[in-house]
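What follows is a set of notes on a single structure, which appears directly below.
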Amino acid sequence: MPDATATNVPPVIRTRGLCRSFAMGASTVRALRGVDLVIERGEYVAIMGPSGSGKSTLMNLIGCLDTPSEGEYWLNGQPVATLGEEELARVRNHEIGFVFQTFNLLARASAARNVELPLIYGGVPPAERRQRAIEALAQVDLADRMDHRPNQLSGGQRQRVSIARALVTRPALLLADEPTGNLDSKTSYEIMALFDKLHRDGNTIVVVTHERDIAEHAQRIVTIRDGVVASDEQNVPRPVGTETA
Amino acid sequence: MNIVESTRLAIESIWANRLRSFLTLLGVIIGIASIISTAAVINGLNHYVSEKLSNLGQGVFVVKRIGIITNRQDFLDAIRKNRRLTTADGKALVERCPSAAAVAWQAAVTRDVVREGLEIRDTSISGVTPAVLQIEPFDVDAGRVISQLEEDRAAPVAFVGADVVEQLFPNSDPIGKRIRVSGQPLEVIGVAAKKGSFLGFSQDNFVKIPYSLHRKMFGSWPSVDLSVQAADPARMQDTMDEVRAVLRARHHLRPAQPDDFSMVTAEGINDLWRSMTQTIFSIALFVVGISLVVGGIVIMNIMLVSVVERTREIGVRKAVGARQKDIVQQFLIEAVLLSCLGGLIGVLLALGAAELLGAYTPLPARFPPWAPPTAFVICTAIGVFFGISPAKKAASLDPIEALRAE
Ligand SMILES: Nc1ncnc2c1ncn2[C@@H]1O[C@H](COP(=O)(O)OP(=O)(O)O)[C@@H](O)[C@H]1O
Ligand SMILES: [Mg+2]
């Protein structure tokens with residue numbers, strides 16, 4: 001789908017001079033120092049870089065979970081800075097699915113209930129909600145675990161629940177911040193296989209990772225260093241199963 | 001998101017966090033139960049005093065050698081200075097107080113009463129002129145009160161309280177039967193309706209006999225109480241002034257000297273009650289205040305402890321699309337539901353406590369209708385204040401900040 005640009009569709013993500021600083025007492029940490037990035041519809045992008053380089057900070061800004069200190073961000077052509085609190089909530093609900101390294105599931109709710117959560121805030125009626133949650137769990141091969149609570153699931157299963165939650169509203173953009181960071185390598189490959197499949201189904205995917213093997217799944221690898229884009233290159237993805245474990 | 005959905009989320013959250021919810025409830029329950037039980041006791045005491053403690057009706061007052069004394073010094077002074085009141089004082093009032101419709105007198109001693117091997121101890125044996133029983137009327141359960149004829153003849157008859165009947169006539173009709181006081185046989189002619197006990201003192205342990213007989217049995221030594229009924233209840237004060245003037249003259253008091261007797265009115269008893277109990281009540285309120293504070297601290301602690309967890313929860317909810325107002329609505333409903341539940345349990349506990357207090361302690365308890373709503377409002381306010389403000393603060397954060405909460 002690289003021909004999307006030709007038909008005048010705005011890029012899913014476009015940032016210009018994106019900065020984010022954190023006040024740490026007297027000093028400020030400049031986590032991002034001006035990131036320019038364009039990601040088109042249907043792309044599969046890996047963001048790499050050493051620990052502390054600003055990958056998570058960038059993802060949080062792209063996911064509308066955080067507010068930039070400086071710079072501009074257009075999501076599907078719309079300037080995010082102009083969105084109010086409720087519109088931002090709607091964007092997070094409808095347009096973006098976010099997968100966290102630490103899952104961020106509600107500990108006391110079942111898998112199905114966790115997956116339903118975005119639909120509740122999206123105003124989907126209860127019966128349809130349940131149905132779609134079950135479908136999303138089936139998509140990540142967890143239909144048989146829907147009544148389990150997070151602590152009754154393995155790490156990989158938890159991450160799959162959080163992916164199902166990210167997918168359930170059928171967002172155009174799927175963001176994952178080190179989705180395999182807390183998982184063993186076998187489980188990591190299962191998760192990456194899932195992303196590959198989602199990409200083939202037409203989702204735009206951005207994955208943060210600091211592992212080369214994981215990044216090799218993407219079509220494009222963006223490297224961040226010290227809060228700026230250090231390199232941005234196309235990659236010929238290796239099919240799953242050919243990695244050396 | 002609509003109210004139904006928010007309520008569902010709130011109930012889900014309450015249920016999912018059962019232990020925390022219960023601990024929060026505990027605070028509300030402690031607060032409500034203690035404030036309402038205390039209020040019930042206070043209310044019960046007040047009611048009892050204003051309705052039952054004195055028989056004094058409109059326009060009636062009693063002149064006593066020693067009135068209602070609230071401290072030791074007054075008591076010692078009264079014992080030393082106040083002259084005994086006598087039947088002569090009473091007769092003087094009859095003659096010289098035109099605004100008094102009736103004057104009666106009585107004197108009392110404490111003795112045991114016996115009948116056929118049964119006994120009741122420390123009974124108040126009072127000799128009354130018949131008018132006393134009209135001025136300070138008793139509800140009569142059976143039989144009749146003492147007549148003028150019996151007074152004139154010093155007849156050995158008795159009008160007795162319910163305790164005397166319970167103790168001496170467990171299974172039989174007392175009317176016409178004999179009891180003995182200090183060796184003197186008395187025929188029971190009437191029984192007063194039961195009044196119950198107050199602060200552990202029974203109001204029903206008494207025997208009333210004609211004053212003339214009492215004088216024969218116990219002499220003229222005990223000071224008498226003079227009961228006076230004003231002809232016009234609205235002008236009782238004038239009658240009291242008249243009585244005071246007559247008694248002062250009889251007792252040869254100079255103008256500068258204080259009265260050597262005291263006058264008790266129903267209002268006076270109520271006033272005295274109020275001044276006596278103010279201290280008790282403020283202590284009670286203090287205790288209740290402490291338990292409310294404890295309840296509040298329990299709630300606050302639970303809320304504060306759970307704020308981190310809840311902040312993360314709020315972060316998760318916001319990350320998947322919850323608006324600020326969805327969060328606030330959910331937490332508000334949660335707080336109010338918890339308070340309602342805690343309030344309900346607290347009210348039920350207090351009802352139970354009031355029943356138990358009434359049954360097993362000398363304290364009368366009476367459930368005050370205003371207490372549940374008041375306590376409920378207080379506890380809801382605590383719940384909302386300690387629950388909502390952190391939630392609201394968290395809800396206004398960027399999702400990532402809420403998620404980062406440690
Ligand atoms: N909330 C924060 N407060 C202060 N400093 C932060 C915060 N978040 C990130 N940083 C700092 O910003 C830099 C980039 O962090 P991050 O984006 O998490 O890096 P990465 O995900 O690439 O490992 C780091 O130096 C980190 O310490
Ligand atoms: Mg990171």
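What follows is calculated from the coordinates using simple rules that are stated; it is not laboratory data. The model shown is predicted, which means the values in this text are computed figures rather than measured ones. Cβ: placed from backbone, ideal geometry, glycine included. Neighbour counts: every protein chain shown.
What is the antiparallel percent of DSSP beta bridges lying wholly in the range B:83-260, to the nearest 5?
Values: 28 of 37 bridges.
Of the beta bridges lying entirely in the range B:83-260, close to 75 percent run antiparallel.
Approximating the spin labels as points 7 Å out from Cα along Cα→Cβ, the B:Asp112-to-A:Arg33 distance works out to 10.4 nm.
Of B:Phe376, B:Phe198, the sequence from fewest to most neighbouring Cβ atoms within 10 angstrom is B:Phe198, B:Phe376. On the basis of the beta-carbon distance and an R0 of 22 Å, B:Arg72 and B:Thr279 show a calculated FRET efficiency of 0.85.
The calculated Kirkwood hydrodynamic radius for the range B:164-220 is 12.9 Å, given to one decimal from all distinct C-alpha pairs.
Under the 0.36 nm per residue contour assumption, what length would be gained going from the current alpha-carbon distance of B:Val140 and B:Val287 to full extension?
48.8 nm is the gain from fully extending B:Val140 to B:Val287.
Overall, the anisotropy analysis places chain A in the rounded class: the square-rooted eigenvalues a ≥ b ≥ c of its C-alpha gyration tensor yield a/c less than 1.5. Please give the Cα centre distance for the range B:187-243 versus the range B:294-324, rounded to the nearest Å. Spelled out, the Cα-based centre of one part sits 67 Å from the other. Where a ≥ b ≥ c are the square roots of the eigenvalues of the C-alpha gyration tensor, would you call the protein assembly as shown rounded, which needs a/c under 1.5, or, failing that, prolate if a/b is larger than b/c, or oblate? In terms of gyration-tensor shape, prolate. Of the residues B:Leu247, B:Pro222, B:Ala234, the one whose Cα sits farthest towards the positive end of the charge dipole of the range B:189-268 is B:Pro222 (charges of +1 on Lys and Arg Cβ, -1 on Asp and Glu Cβ, taken about the Cα centre). At an R0 of 56 angstrom, the distance between the Cβ atoms of B:Phe198 and A:Gln152 translates into a FRET efficiency of 0.35.
Between the alpha-carbon centres of the range A:158-187 and the range A:16-88 there is a gap of 20 Å.
With N counted as the residues of the range B:83-260, its alpha-carbon radius of gyration over 2.2 N^0.38 Å works out to 1.12. In chain B, taking the dipole from charged Cβ atoms about the Cα centre, the farthest positive-side position among B:Ile269, B:Ser172, B:Gly358 is held by B:Ile269. Using Cα springs under 10 Å in a Gaussian network model of chain A, which residue among A:Glu116, A:Glu135, A:Glu86 shows the largest mean-square fluctuation? In the Gaussian network model the winner is A:Glu86. Inter-label distance, B:Glu406 to B:Ala88: 9.4 nm, where each label sits 7 Å from its Cα along the C-beta direction.
Let me know the charge dipole size of chain A about its Cα centre in debye, to the nearest 20, where only the beta-carbon of Lys, Arg (+1) and Asp, Glu (-1) is charged.
Roughly 500 debye, rounded to the nearest 20.
As a length-normalised measure over Cα pairs under 8 Å and 6 or more apart, the relative contact order of the range B:83-260 settles at 32 percent. Each Lys and Arg adds +1 at its Cβ and each Asp and Glu adds -1 at its Cβ; summed about the Cα centre, the protein assembly as shown shows a dipole of about 1440 debye. Electrostatic bookkeeping for A:Ser110 treats Lys and Arg as +1 and Asp and Glu as -1; over the other residues with beta carbon under 11 Å from its beta carbon, the sum is +1. What is the sum of charges, Lys and Arg at +1 and Asp and Glu at -1, for the other residues whose Cβ falls under 12 Å from the Cβ of B:Phe261? Neighbourhood net charge equals +4.
Take every DSSP beta bridge whose two residues both sit in the protein assembly as shown; close to 70 percent of them are antiparallel. Taking B:Thr361, B:Thr24, B:Thr129 as the candidate residues, the one with maximal mean-square fluctuation in a Gaussian network model of chain B, Cα springs under 10 Å, is B:Thr361. Each label was represented as a point 7 Å from its Cα along the Cα-to-Cβ direction; for B:Thr361 and B:Glu187 these points are 4.7 nm apart. Note on A:Gln219/A:Asp141: beta-carbon distance plugged into 1/(1 + (r/R0)^6) with R0 of 25 Å gives a FRET efficiency of 0.50.
Shape verdict for the range B:4-43, please, from the Cα gyration tensor: rounded (a/c under 1.5), prolate (a/b greater than b/c) or oblate. Oblate shape, in that a/c is at least 1.5 and b/c is the bigger or equal ratio.
Quick one: putting +1 on the C-beta of Lys and Arg, -1 on the C-beta of Asp and Glu, what dipole do you get for the range A:33-99 around its Cα centre, in Debye to the nearest 20? Display every interim value, and only then the final one.
Working: 5 positive and 10 negative charges, 49 e Å.
For this selection, approximately 240 debye.
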